[in-house]
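Novice: Pasting in a structure now, in structure tokens, and then I'll have a few things to ask.
The values are calculated or read from the model by the stated rules, or taken from the named source; none is laboratory data. Just so it is clear, the structure is predicted and the values come from calculations on it, not from any experiment. Glycine also receives a Cβ, built like all others from the backbone with ideal geometry; neighbour counts cover every protein chain displayed. To get the accessible areas, we keep the full protein, side chains included, count just its heavy atoms, and leave off ligands, DNA and RNA. Shrake-Rupley method; radii C 1.70, N 1.55, O 1.52, S 1.80 Å.
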Amino acid sequence: MRQNHSTTPRFPRILGSLLLLAAAGVFTVGAGPLPSAAATTPLDRVVPAPASVRPAGSPYRITRATRLRVDDSAEVRRIGAYLAGILRPSTGYPLPLTGQGAGGIRLRLADGPFGAEGYRLSSGPHGVSLTAGTPAGLFHGVQTLRQLLPASIERKTVQSGPWRIAGGTIEDRPRYGYRGAMLDVSRHFFTVAQVKRYIDQMALYKINTLHLHLSDDQGWRIAVDSWPRLAAYGGSTQVGGGPGGHFTKADYQEIVRYAGSRYLEVVPEIDMPGHTNAALASYAQLNCNGTAPPLYTGTDVGFSSLCVSKEVTYTFVDDVIRELAALTPGRYLHIGGDEAHSTSHADYVKFMNRVQPIVAKYGKTVIGWHQLTGATPAPGALAQYWGVDGTSAADKAQVAKAAQNGTGLILSPADRVYLDMKYTRNTRPGTKWAGYVEVKRSYDWDPGAYLPGAPASAIKGVEAPLWSETLTKSADIEYMAFPRLAGAAELGWSPAATHDWDRYKVRLAAQGPRWTALGITYYRSPQVPWPAS
């Protein structure tokens, strides 16, 4: 994965502001001078950058007479109600949900070239039409629609408006199917409400995967009926010795339900064979010497390991995976596998060869940190790469070879998208083992060409992990995630041809007032031309 522990690391192009060619009446990518914030329109300030934007004609204005016209399906009505819940407080308008008809804002499902998550948004003086092939695509289109309105639309009290949606058409679909963010609830525990808040923030930028790091040396955060001391005892502390906590099964199911309502898939992680002190402290029989170590509240890594030679270890793993898989409707289960420095290579290979079939037995696909490629990844498994620019060529080659042999890759380079890395030496929370990661560095890389030797077809997506050794509250999460999370989301969604830092930073700056309206605490990077507050 990861973290803070050594001074030596181990191991798109923005749509830009699509420039308006006055004579032709269309936007083109990459032509003309770099835009200023004043020169752009709402259509070309969307993050992530859409695949295609064509401005045309006059805007649509939301008024008290506006209706939200929805298809007669439960999913479309639910998305319409979600949109109404955003628009009503700030506009003060009733915005009733009605059936089909002329005018207003229309949400509908239809056949078309949308794929699993794409959409088309068309706006003109007589109405707005948002069309997708799936509810997920429709929901992503709603996030774009939000960004076409003034930032004050996000406030919970009546604002002055006016509420104009620029005229034109956006046609959009993602570059990658996996666009994730990870939250570590093990080092410091975060409540269901805090996780939901982060889910809403992810959804605004079309992230579709929430990776929950549920176990580590400092805490076990999910109830397991067959091994109750894991949560009751193993979850009773955290970094620094605080009270810790854990999710009941009902808590976890509520997170899964809420994420699903925002079209995010939850990927739970039980890290093993290392990063397991909380489990080892809870059950002595999981230790090779039969003695339980004390609970751990520090931040070192690499010192713990399940006992690979004991059969009870695999009974434990089977029970945990069985119960967690039953609670998780998504496709994946993450088994960790990094920094197992207290496990010999032979034991590591043996362990992974035993554990991966258990995941498959319960209907899930394995994800593991990229050290999994040192064993034999199961068919269909994904390896999550967290190396840095200085990672050895041999380690990179090992991952690339696995990719050549069919293992899919999720890219999470620590010195690019680990959101717990300090921006600068003056950043209060965070760590710096992978270096300082300012906003430009976090954004300015291409997932498709990042790992030498890895086929572009092996790259399944991008994930931005957030480790919580130094984070204790939602404001800490937000400060470290924003603005970098928006950039990671763009790397996962937007076409490679739109990737350009100088144009992206202008679009990113336009997000600042929206975050303020949403109550998001964010880092005002000097690299970004934020509007005057």
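Novice: Considering segment 362-374 alone, what residues qualify as being closer than 15 Å to ASP271 by Cβ and of a type outside the set (Phe, Trp, Tyr)?
Specialist: Residues satisfying the conditions are VAL366, ILE367, GLY368, HIS370, GLN371, LEU372.
Novice: Please go through segment 341-366 and pick out each residue that is of a type in the set (A, V, I, L, M) and farther than 16 Å from GLY274 by Cβ.
Specialist: Selection gives ILE358, VAL359, ALA360, VAL366.
Novice: Please list, ordered by first then second residue, the pairs with beta carbon atoms under 7 Å, 6 or more apart or interchain, first in segment 347-364 and crowded, with 21+ Cβ neighbours inside 10 Å, second among the charged types (D, E, K, R).
Specialist: Short answer, once both residue conditions are applied: LYS364/ARG331.
Novice: Quick check: anything in segment 78-91 part of a loop (DSSP other than H, G, I, E, B), open to solvent by 40 Å² or more (accessible area, probe 1.4 Å) and at pLDDT 95 or above?
Specialist: For segment 78-91, residues part of a loop (DSSP other than H, G, I, E, B), open to solvent by 40 Å² or more (accessible area, probe 1.4 Å) and at pLDDT 95 or above: absent.
Novice: Another question, then. Starting from segment 325-346, keep only residues that are crowded, with 17+ Cβ neighbours inside 10 Å, then list their pairs with residues that are part of a loop (DSSP other than H, G, I, E, B) and among the small types (Gly, Ala, Ser) whose Cβ atoms are within a distance under 6 Å, requiring at least 6 positions of separation or different chains.
Specialist: GLU339/GLY274; GLU339/GLY302; ALA340/GLY274; THR343/SER305
Novice: What tally of residues in segment 488-519 results from selecting those that are over 18 Å from GLN147 (Cα atoms), in a helix (DSSP H, G or I) and either open to solvent by 10 Å² or more (accessible area, probe 1.4 Å) or among the charged types (D, E, K, R) (or both)?
Specialist: Residues that pass the stated criteria total 4.
Novice: Out of all the residues in segment 268-302, which are surrounded by fewer than 16 Cβ atoms within 10 Å (Cβ to Cβ) and within 30 Å of THR470 (Cβ to Cβ)? Quick ask: steps written out before the conclusion?
Specialist: Our first condition is that a residue be surrounded by fewer than 16 Cβ atoms within 10 Å (Cβ to Cβ); within segment 268-302, this holds for 284-285, 288-291, 293-294, 298, 300.
Scanning segment 268-302 gives PRO293, PRO294, GLY298, ASP300.
Novice: Okay, moving on. Of ALA181, ALA193, which residue is open to solvent by 20 Å² or more (accessible area, probe 1.4 Å), closer than 30 Å to GLY244 by Cα and among the hydrophobic types (A, V, I, L, M, F, W, C)?
Specialist: Selected residue: ALA193, the only one of ALA181, ALA193 that is open to solvent by 20 Å² or more (accessible area, probe 1.4 Å), closer than 30 Å to GLY244 by Cα and among the hydrophobic types (A, V, I, L, M, F, W, C).
Novice: Can you name the residue in segment 156-172 that is part of a strand (DSSP E or B) and of a type in the set (D, E, K, R) and is also farthest from THR131 (Cα to Cα) among such residues?
Specialist: Once the filter is applied, the top-ranked residue is ARG164.
Novice: Quick check on VAL308: is it farther than 27 Å from ALA250 by Cβ and either modelled with pLDDT of 95 or more or over 27 Å from the mean Cα position of the chain (by Cα) (or both)?
Specialist: Here the answer is yes, as VAL308 does meet what is asked.
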